[in-house]
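The values are calculated or read from the model by the stated rules, or taken from the named source; none is laboratory data. Everything numeric here is computed off the predicted structure, so don't read it as measured data. Counting neighbours? That spans all protein chains shown, and the Cβs are built from the backbone with ideal geometry, glycine included.
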């Protein structure tokens, strides 16, 4: 199958999954922080880290990378929503809340990505 088609199909699946999580978690369930965006970005970082970790130990085809990494996980995670929601937090709640959200998101996503890669390499190595 053409890799562009796999990206297209995967992107749709990932976007629908993100939409479902946003509906399930809600917009502001625990206060002013957009937890739905935080959650999908952390989970997506972990899964992409695991995929990269897997790919260091096993062969992953270009088609699988297109479908899984670029398509599904690219459609699932969202920088644009993170950016827009951070700017809204800044305007509505102040610089401290917005900066805390940015710091928490970047830190937890990096740790999740590294953890996913480590787990995959340990499981396969």
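Residues that are outside any helix (DSSP H, G or I) and under 17 Å from the mean Cα position of the chain (by Cα) do occur in segment 29-51, at least one of them.
Is one or more of the residues making up segment 73-80 surrounded by 17 or more Cβ atoms within 10 Å (Cβ to Cβ) and modelled with pLDDT under 95?
To start, the set of residues in segment 73-80 that are surrounded by 17 or more Cβ atoms within 10 Å (Cβ to Cβ) comprises 73-78.
Filter once more, so that each one left must be modelled with pLDDT under 95: 78.
Yes - at least one qualifying residue is present in segment 73-80.
Residues in segment 97-113 that are closer than 16 Å to residue 78 by Cβ and buried (at least 19 other Cβ atoms within 10 Å of the Cβ): 101, 105, 109, 112, 113.
Kindly evaluate residue 69 against the criterion of being surrounded by 15 or more Cβ atoms within 10 Å (Cβ to Cβ), under 16 Å from the mean Cα position of the chain (by Cα), farther than 21 Å from residue 117 by Cα and in contact (Cβ under 8 Å) with a residue 12 or more places away in the chain. It would help to see each step written out before you state the result.
Working: surrounded by 15 or more Cβ atoms within 10 Å (Cβ to Cβ): yes; under 16 Å from the mean Cα position of the chain (by Cα): yes; farther than 21 Å from residue 117 by Cα: no; in contact (Cβ under 8 Å) with a residue 12 or more places away in the chain: yes.
Considered against the rule, which asks whether it is surrounded by 15 or more Cβ atoms within 10 Å (Cβ to Cβ), under 16 Å from the mean Cα position of the chain (by Cα), farther than 21 Å from residue 117 by Cα and in contact (Cβ under 8 Å) with a residue 12 or more places away in the chain, residue 69 comes out as no.
Report whether or not residue 116 is modelled with pLDDT of 95 or more, assigned to a helix (DSSP H, G or I) and under 18 Å from residue 17 (Cβ atoms). For residue 116, the condition - modelled with pLDDT of 95 or more, assigned to a helix (DSSP H, G or I) and under 18 Å from residue 17 (Cβ atoms) - is met. Residue pairs whose Cβ atoms lie under 7 Å apart, sitting 6 or more positions apart in sequence or on different chains, and linking a residue in segment 83-103 that is at negative phi and in contact (Cβ under 8 Å) with a residue 60 or more places away in the chain to a partner that is surrounded by fewer than 12 Cβ atoms within 10 Å (Cβ to Cβ) and assigned to a helix (DSSP H, G or I), do not occur here. Within segment 77-106, the set of residues being in a helix (DSSP H, G or I) and within 20 Å of residue 19 (Cα to Cα) comprises 79, 80, 81, 82, 83, 84, 85, 86, 88, 105.
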